[in-house]
Amino acid sequence: MIVPASFSRKLFNVINYSLLLSLAFACVLPLIHVLAISFSSNAAATAGLVKLWPVDFTTQSYHYVLSTGKFTNAFGISVKRVVLGTIVNMIMTILTAYPLAKESSSFRPRTWYAWFFVLTILFSGGLIPWYMIIRATGLLDSIWALIIPGAVPVFSVILLLNFFRGIPRELEEAAFIDGAGHLSTLIRVIVPLSVPALATIMLLTVVGHWNSWFDGLILMNSPNHYPLQSYLQTVVIQKDFTSLGEEELKNLKLISDRTIKAAEIFLGALPVLLVYPFLQKYFMKGIVLGSVKE
């Protein structure tokens, strides 16, 4: 029998949904505004006539951004960084979280290692020693300088080891009885059951690598090696037209600096907007529900 909702419950749902829709709309508005500017004409964008809909629709800004080569080069470097960085981060996170999720009786140094990783969150050597170590290892001005220093994300390790602890030990013990070792158990039992947690951590890793700009500025000696966000920081925020050719200067007569910035910002945010919906479905999924039967 379904009990009808009371008036107070209905009122709460209306207020709750209205508030959430308002917050969602407030988050989407800036992106819609940037998109509208990127498709607007030079005169409309310069005059400030564009709100939430393009004025004098044109795609000149996107043609300019994609034809210069600098944006596409930085975009490719960011894609390479995200792919390599995500693979390295996920492998290191899984391999680190698995032993730390064990009981002290199974892995005696577990507590010491756990405190060692936690202390790296609370204390650091500072920016200068960090830079000197990367320079001494010969990683400067290479893609690995953006990946190896953060190969073990401690926050993700803590999230994953707590998730591993929630997996029933009976599953792991059954694998051991069948002759599986730790690595085989991790790959064939633990990892498949941890897809929601791994998907969440993967999304955090992808967004972290994609949005990171500061390390690219200080670790890359050449602007040609900047990832996308570092490029946007230096070129979009402080636009420099001195290096443009004659043909590019002619194109600028048809488009404004504002529409170029809007196009580059939107294209920079587009990959994350496309990836997020595919990983979101794992956030609220249960994993071990019903995996152990009485």
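The values are calculated or read from the model by the stated rules, or taken from the named source; none is laboratory data. In this text, all values refer to a predicted model and were calculated from it rather than measured experimentally. We place every Cβ from the backbone using ideal geometry, glycine too, and count neighbours over all the protein chains shown.
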Open item on the list: Taking the conditions exactly as written (closer than 27 Å to W210 by Cβ and assigned to a helix (DSSP H, G or I)), does T120 satisfy them or not?
Closed with: yes
Open item on the list: Which numbered condition in (1) basic (K, R); (2) at pLDDT below 90; (3) assigned to a helix (DSSP H, G or I) is the only one that R135 fails?
Closed with: (2)
Task: Test: residue in region 191-203 that is crowded, with 17+ Cβ neighbours inside 10 Å, modelled with pLDDT of 85 or more and outside any helix (DSSP H, G or I) - done: yes
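Is it the case, given these coordinates, that L140 is in contact (Cβ under 8 Å) with a residue 60 or more places away in the chain and not in a helix (DSSP H, G or I)? Break it down stepwise before answering.
Values: in contact (Cβ under 8 Å) with a residue 60 or more places away in the chain: yes; not in a helix (DSSP H, G or I): yes.
When the stated conditions are applied, L140 passes them.
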TODO: Output the qualifying pairs, or none if there are none: Cβ atoms under 8 angstrom, residues six or more apart or on different chains, first residue in region 155-183 and without any contact (Cβ under 8 Å) to a residue 12 or more places away in the chain, second residue not aliphatic (A, V, I, L, M).
DONE: F176/T185; A180/R188
- [ ] For region 57-79, state whether one or more residues are modelled with pLDDT of 85 or more and among the basic types (K, R).
- [x] no
Task: Matching helices (runs of 4 or more DSSP H) fully within region 204-294 where at least 3 residues are within 26 Å of F39 (Cα to Cα) and modelled with pLDDT of 70 or more - done: 228-231, 257-280
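Answer yes or no: is there a residue in region 31-40 that is outside any helix (DSSP H, G or I), closer than 30 Å to T58 by Cα and either in contact (Cβ under 8 Å) with a residue 40 or more places away in the chain or of a type in the set (F, W, Y) (or both).
Going through region 31-40, the residues outside any helix (DSSP H, G or I) turn out to be 39-40.
Next, from what is left, pick out any that are closer than 30 Å to T58 by Cα: 39-40.
If we keep only those that are either in contact (Cβ under 8 Å) with a residue 40 or more places away in the chain or of a type in the set (F, W, Y) (or both) too, we end up with 39-40.
For region 31-40, residues outside any helix (DSSP H, G or I), closer than 30 Å to T58 by Cα and either in contact (Cβ under 8 Å) with a residue 40 or more places away in the chain or of a type in the set (F, W, Y) (or both): present.
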